[in-house]
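Below is one structure, written out as structure tokens; the observations come after it.
The values are calculated or read from the model by the stated rules, or taken from the named source; none is laboratory data. Because the structure is a prediction, the values reported are computed rather than measured. Positions of Cβ are generated from backbone atoms using ideal geometry, with glycine treated the same way; all protein chains shown enter the neighbour counts.
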Amino acid sequence: MIKILIVDDHKLIRDGITSFLSDSSKYEITDEVSDGLEAINSIKQNAPDLIITDLNMPNMDGMELISFVKKEFPSIKIIVLSMVDETQYIRQVLKLGANGYLLKNSGIDEVKAAIDAVMKGNNYYGGDVMDAVMTQLTTGAKKKKVSRFDNAFSLTKREKEILKLIIEEYNNGEIAEKLFISIRTVDAHKRNMIEKTGSKNMAGLLVWAINNEVLNDK
């Protein structure tokens, strides 16, 4: 059973999440609280496996909570459930180490899919979140920023193709089939991109891609 802490300053949201997750024997709601400070106290008392949190809250907001939890309780998974779809916030959440990001218009099935994915060690980003990220990555900026990596290296055309497919949520097998290469080659390209960008994992690579607008290059 997955022990879940819900953090949101709107009781209606907390009650709604609790209601639909409580219908399944897979999930146990250990507590529901209204801000980050209350969440920290609850974590110490109830030791949840997963936190579902909003971003905009009084006293201690979601960003501060994520930062604290990832430092003090790194094994706890975190899914952000927010109305905020601006890529600057998504980027910050990824940098802080959150495992998933959903918008509050997500359906019940997607929330459950996100929970199951992050508890298996994967990251999960809702369809609307990925749409926002893709818009940021593929729409040419009016004034392109100069990447701090530009003089050190550039991603190859193939690496950019793979990165774009990763962002579009293709798995290794699908990428290999689409580009007519082996899964082993896909893995090698992923490792190369992570090493080139100084990222720690695929989430870090996504942050780098947003920051440097690599898919805007012609």
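Scanning the stretch 37-45 turns up no residue that is surrounded by 13 or more Cβ atoms within 10 Å (Cβ to Cβ), of a type outside the set (Phe, Trp, Tyr) and part of a strand (DSSP E or B). So, in the stretch 1-31, exactly how many residues are in contact (Cβ under 8 Å) with a residue 40 or more places away in the chain and polar (S, T, N, Q)? Selection size over the stretch 1-31: 1. Restricting attention to the stretch 104-124, the residues being among the β-branched types (Val, Ile, Thr) and loosely packed, with under 15 Cβ neighbours inside 10 Å number 1. Is it true that ILE2 is touching a helix residue (DSSP H, G or I) at 6+ places or on another chain (Cβ under 8 Å), modelled with pLDDT of 95 or more and surrounded by fewer than 20 Cβ atoms within 10 Å (Cβ to Cβ)? Spelling it out, ILE2 is indeed touching a helix residue (DSSP H, G or I) at 6+ places or on another chain (Cβ under 8 Å), modelled with pLDDT of 95 or more and surrounded by fewer than 20 Cβ atoms within 10 Å (Cβ to Cβ).
If you filter the stretch 160-217 down to residues that are aliphatic (A, V, I, L, M) and touching a Ser or Thr at 6+ places or on another chain (Cβ under 7 Å), you find that the one that is modelled with the highest pLDDT is ALA176. It is to be established whether one or more residues within the stretch 32-48 are in contact (Cβ under 8 Å) with a residue 24 or more places away in the chain, in contact with a Ser or Thr (Cβ under 8 Å, 6 or more places away or on another chain) and of a type in the set (S, T, N, Q). Yes. Whether a residue is surrounded by fewer than 21 Cβ atoms within 10 Å (Cβ to Cβ), in the same structural domain as MET119 (by TED's automatic domain parsing), within 17 Å of ALA203 (Cβ to Cβ) and among the aliphatic types (A, V, I, L, M) was assessed, and ILE76 passes this test.
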